[in-house]
Amino acid sequence: MSYNTFGHMFRVTTWGESHGPALGATVDGCPPGIELSEAFIQVFLDRRRPGQSKMTTQRQEPDRVRILSGVFEGRTTGTPIQLMIENTDQRSKDYGEIARQFRPGHADITYHQKYGIRDYRGGGRSSARETAARVAAGGVAQAVLKALVPELTITGYMVQMGEKHLDRAKFDAGEILNNPFFLPDAGAVEEWTEYLSALRKAQNSVGAAVEVVATGCPAGLGAPIYAKMDSDLAAAMMTINAVKGVEIGEGMAAAALTGTENADEIVMGPNGPEFLSNHAGGILGGITTGQPIVVRFSVKPTSSILTPRRSINTAGEAVEVVTQGRHDPCVGIRAVPVAEAMMACVILDHLLMDRAQTGGQRGQIG
Ligand SMILES: Cc1cc2nc3c(=O)[nH]c(=O)nc-3n(C[C@H](O)[C@H](O)[C@H](O)COP(=O)(O)O)c2cc1C
């Protein structure tokens, strides 16, 4: 069995392949009466769009989204929202050779072994082109969140690219959308550019780490025990192509901390409880605390590189694979808007679940 739907109440099904005529998402469970337009969703897609700088693939995909259903007179109707993006820059000839070969680091071999048939053009369904559909669905989620929780913000950015690390002392959120790396430090952009350009010239690629933070998320979201906010967020991020590790809050670094260092102490503030630190990443027992939700993940280096790598073909013969075509030298960059979209879908899904179960009733403190 395959699985192309995620979410409990705000359910997103993505469909389509990288080289088919179109791909998209069907969003079911969206509340009615929410203002929604193609232009609103397009802003998010434009951030993910390829060909915008030398730091990403030179494929030119306009990624224009069309809303085919579920919206009437500019508002959602509560019925399924069908989102469609046409594929306009497929170059099947770039992928001709790989019809019989398994590209190392790609899903060619596993799709072949599992299904016995695969759309080899650009990876077909396993291509990260599918993430455009998620970003479109994320745009719908963002529209609903804007209406229901206007104070909520979701911000993604790069914290590492190969040996380059974000200097957190220089963190400037205002710079994230001003450079091709989604980097919150304008001063480091030149260095990161030189580093990635040198790797690209050397026919190589590099991995990355991305952080996504949601601020203004209400306390009390999350459905213990098997739909905890953290387990759903981790699953959502792990479904993004090339993601190999996900952390919440301190994540793996928590292994090096002592209990006294890690405890997020609580005091009573003028407007209710306040935490003195946020090692937990805004989630306790799978339920949001009201603090920023902090998710971080690692992305592996782009597998499609011009340096020959050994592999086999469908006949089991040894081959050398050089992946031609246009590829991202660091896929972590374009993963940033995808991660924001996944976070928006998960948080909205939990908001709707919480509304359904508790009706927003909360235990009182003080
Ligand atoms: C936004 C985005 C763009 C990507 N672009 C490329 C690319 O140009 N070339 C490539 O080899 N991999 C690219 N990838 C990664 C592959 O899609 C992914 O490694 C492959 O499908 C195998 O899946 P896995 O790495 O999750 O196991 C991209 C990933 C993301 C998130």
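What follows draws every value from the coordinates through simple rules; no lab data is involved. Every value quoted in this text rests on a predicted model; they were computed, and no experiment measured them. Note that each Cβ is placed from the backbone with ideal geometry, even for glycine, and that neighbours are counted across all protein chains shown.
Things worth noting here:
- Each pair of Cα atoms in the stretch 232-355 enters the Kirkwood radius, and Stokes-Einstein at 20 °C and 1.002 mPa s then converts it into a translational diffusion coefficient of 120 µm²/s.
- A run of the chain free of exposed loop cleavage sites, with chymotrypsin sites (Phe, Trp or Tyr not before Pro) counted only in DSSP states other than H, G, I, E and B and at most 11 other beta carbons within 10 Å, reaches its longest extent at 4-225.
- For the stretch 348-360, 3J(HN,Hα) per residue [Karplus equation, 6.51 cos²θ - 1.76 cosθ + 1.60, θ = phi - 60°, Hz, x = Gly/Pro]: 5, 3, 6, 4, 5, 5, 5, 4, 5, 7, 9, x, x
- Mean separation of Cα pairs under 8 Å and 6 or more residues apart, divided by the residue count, gives the stretch 1-129 a relative contact order of 27 percent.
- Pairwise centroid distance, computed over Cα atoms, of the stretch 297-366 with the stretch 238-266, Å: 18 Å
- Hz values of 3J(HN,Hα) by residue in the stretch 17-32 - Karplus curve (6.51, -1.76, 1.60), Gly and Pro given as x: 10, 5, 10, x, x, 7, 9, x, 9, 10, 10, 10, x, 6, x, x
- Summarising the amide proton neighbourhood of Ser69: residues at separation of 5 or more, or on other chains, whose placed amide H is nearer than 5 Å comprise Gln82.
- In plain terms, the chain is cut at each of the GluC sites (Glu not before Pro) found in a DSSP loop with at most 11 other Cβ atoms within 10 Å, and the longest leftover piece is 164-264.
- Once you reduce the stretch 17-69 and the stretch 113-140 to the center of their Cα atoms, the two points are 14 Å from each other.
- Residue-wise HN-Hα couplings along the stretch 266-278, as the Karplus relation 6.51 cos²θ - 1.76 cosθ + 1.60 with θ = phi - 60° gives them from phi, are 10, 10, 8, x, x, 10, x, x, 10, 9, 8, 7, 9 Hz; Gly and Pro carry x.
- A cut-off of 5 Å between modelled amide H atoms, ignoring neighbours fewer than 5 places along the same chain, links Val319 with Ser311, Ile312, Asn313.
- Distant-in-sequence amide H partners of Asn4 (H built 1.01 Å from N, under 5 Å): none
- Pairs of Cα atoms farther than 17 Å apart, the stretch 101-190, %: 68 percent
- Straight-distance crosslink candidates among lysines, where the alpha carbon sits under 24 Å from Lys244 and sequence neighbours closer than 8 are dropped: Lys114, Lys164, Lys228, Lys300
- If you run the Gaussian network model on the chain, springs between alpha carbon atoms under 10 Å, then out of Ala25, Ala256, Ala209 the most flexible one is Ala256.
- Dipole magnitude of the stretch 245-366, debye to nearest 20 (Cβ charges: Lys/Arg +1, Asp/Glu -1, about Cα centre): 440 debye
- Relative contact order [Cα under 8 Å, 6+ residues apart], the chain, whole percent: 22 percent
- Considering only Cα atoms, the convex hull volume of the chain works out to 154 Å³ per residue.
- Listed residue (Met161, Gln101, Ile85) projecting farthest to the positive dipole end of the stretch 83-219, Cβ model: Gln101
- Exposure proxy for Met238, Met9, Met1: other Cβ atoms within 10 Å of each Cβ, ordered fewest to most, give Met1, Met238, Met9.
- Reach of Lys54 by Cα under 16 Å, taken over lysines that are not fewer than 8 positions away in the same chain: Lys201
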